[in-house]
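A quick write-up on the structure given underneath.
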Amino acid sequence: RNKRDMGRDVSLITVSAGGGSFGFRILEAALRAHALLERANLRMQLFTGPYLAEDQFQTLRKLAGPGAAVERFTSDFPAWLAASDLSVSMGGYNTTMNVLGSATPALILPYNHDREQGLRARALSRRADLRVLVEEDLEPVRLAELMRQGMKKTSRPAQVRLDGARQTVKLLEQLRVTPKEPT
């Protein structure tokens, strides 16, 4: 996905719910907020995740107004984020790391039954353009305002190292001990 595919004057908000099992509330709120933004050059792309219930998926499709599209999945999610002016998502590990890697300003809602998501999101919000949402922020007027604010931000890389796998290999190589020959 490339920003040029949509036109340089188009703003893009990508909304995602990871696997989708618990994401209906944020997806619905984002569509309702999108309707309040009233910008002709604003596009919203929702990815519901494969596990969102079919009736909820159909509800979102019906709710999507002009400039909004609803799909279950994309094999090119990082490219969508890179082309986006704002990401709105649940706070799962993979999605959060993809958002950080894209340097896209983000609104993240940690799943309230997963303490780790909230801890991670709050810690990362101090080092990246990431705002942690709470349930009250999903009220459409409030979320629309948070989206407006988020789209005004300029993309900047997160102050977080994202090369954990490479660093782990280096550490393991440094710890490698050469076996001694038997005497």
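Miscellaneous remarks
- Selection of the stretch 22-51 for residues being assigned to a helix (DSSP H, G or I) and under 17 Å from the mean Cα position of the chain (by Cα) yields Phe24, Arg25, Ile26, Leu27, Glu28, Ala29, Ala30, Leu31, Ala33, His34.
- Filtered by the rule that a residue be surrounded by fewer than 20 Cβ atoms within 10 Å (Cβ to Cβ) and either at pLDDT 95 or above or in contact with a helix residue (DSSP H, G or I) (Cβ under 7 Å, 6 or more places away or on another chain) (or both), the stretch 81-97 gives a lone residue, Ala82.
- Residue check, Ser87 under 21 Å from Val134 (Cα atoms), out of contact with any Pro (no Cβ under 6 Å at 6 or more places or on another chain) and touching a residue at least 40 places away in the same chain (Cβ under 8 Å): yes
- Selection from the stretch 98-138 of residues that are charged (D, E, K, R), touching a strand residue (DSSP E or B) at 6+ places or on another chain (Cβ under 9 Å) and at pLDDT below 85: Arg122, Asp129
- For the stretch 52-78, a tally of residues being surrounded by fewer than 20 Cβ atoms within 10 Å (Cβ to Cβ) and outside any helix (DSSP H, G or I) returns 12.
- Within the stretch 30-51, considering residues that are in contact (Cβ under 8 Å) with a residue 60 or more places away in the chain and more than 17 Å from Gly20 (Cα to Cα), the one most open to solvent (accessible area, probe 1.4 Å): Arg32
The values are calculated or read from the model by the stated rules, or taken from the named source; none is laboratory data. These numbers were taken from a predicted model, which means no experiment stands behind them. Here Cβ is always computed from backbone atoms with ideal geometry, including for glycine, and neighbour counts include all displayed protein chains. Calculation scope for accessible area: heavy atoms of the full protein, side chains included, ligands and nucleic acids excluded. Shrake-Rupley method; radii C 1.70, N 1.55, O 1.52, S 1.80 Å.
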